[in-house]
Amino acid sequence: MIKVELDIHSDQPNPKWLLAPGDEAQLHGLIAAAPRANPSEAENDSAYKGFVAQLSDEETVRVQRGVIEIARGAERTFRTDGDRAVERWLLATGRSTLAPCDYQTVVAALWD
């Protein structure tokens with residue numbers, strides 16, 4: 001199972017949820033379809049720091065501000081989420097788990 005974390009809190013635990021099996025396949029497809037990108041750091045000055053998905057013990061994906069960072073051990077690769085579709089999709093998968101204020105914070109960041 002893929003665990004997703006919304007990186008939003010600095011002073012309390014971040015919300016986490018598990019993707020359903022069908023959603024796991026969809027996430028892999030969304031990432032695979034995203035164009036490759038040069039390494040970059042997403043600028044961030046808000047409480048919302050993106051989504052972190054633990055794909056396996058060795059592979060983690062961070063999606064933030066249109067950048068998908070895939071970490072496999074020390075190796076990092078990047079993809080572009082230009083229309084932020086992956087971020088919006090991850091938000092939708094956690095909708096029932098998120099507190100209304102957290103959900104609204106992410107919505108404001110995604111549609112700014």
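Using Cα springs under 10 Å in a Gaussian network model of the chain, which residue among Thr60, Thr80, Thr97 shows the largest mean-square fluctuation?
Result: Thr97 has the largest fluctuation of those listed.
With +1 on the Cβ of every Lys and Arg and -1 on the Cβ of every Asp and Glu, and nothing else charged, how large is the dipole of the chain about its Cα centre, in debye rounded to the nearest 20?
200 debye
With the other protein chains left in place, how much accessible area per residue, in square angstrom, belongs to the chain at a 1.4 angstrom probe?
56 Å²
By its C-alpha gyration tensor, with a ≥ b ≥ c as the square roots of the eigenvalues, how is the stretch 62-112 shaped: rounded for a/c under 1.5, else prolate for a/b larger than b/c, else oblate?
prolate
So the label point goes 7 Å from the Cα of Met1 along Cα→C-beta, right? Which residues of the stretch 16-37 then have their backbone N under 17 Å from it?
Output list for this probe position: 16-27.
Order these peptides, 3-15, 82-94, by their mean beta-carbon neighbour count within 10 angstrom, highest first.
In descending order of packing, they fall as 82-94, 3-15.
Tell me the carbon and sulfur percent of the accessible area for the stretch 1-72, rounded to whole percent, probe radius 1.4 Å.
So the carbon and sulfur contribution to the accessible surface is 48 percent.
For every helix of n ≥ 4 consecutive DSSP H residues, a contribution of -39,500 (n - 2.57) applies; sum these over the chain, divide by its total residues, and give [θ] at 222 nm rounded to the nearest 500 deg cm²/dmol.
Counting only the DSSP helices, I get -9000 deg cm²/dmol.
Along the positive direction of the dipole of the chain (beta-carbon charges: Lys, Arg +1; Asp, Glu -1; about the Cα centre), which of Ala32, Tyr48, Ile8 reaches farthest?
Ala32
The values are calculated or read from the model by the stated rules, or taken from the named source; none is laboratory data. Keep in mind that what you see is a predicted model, and the values were worked out from it rather than measured. Positions of Cβ are generated from backbone atoms using ideal geometry, with glycine treated the same way; all protein chains shown enter the neighbour counts. Each accessible area value is taken on the protein alone, full model and side chains, heavy atoms only, with ligands, DNA and RNA left out. Shrake-Rupley method; radii C 1.70, N 1.55, O 1.52, S 1.80 Å.
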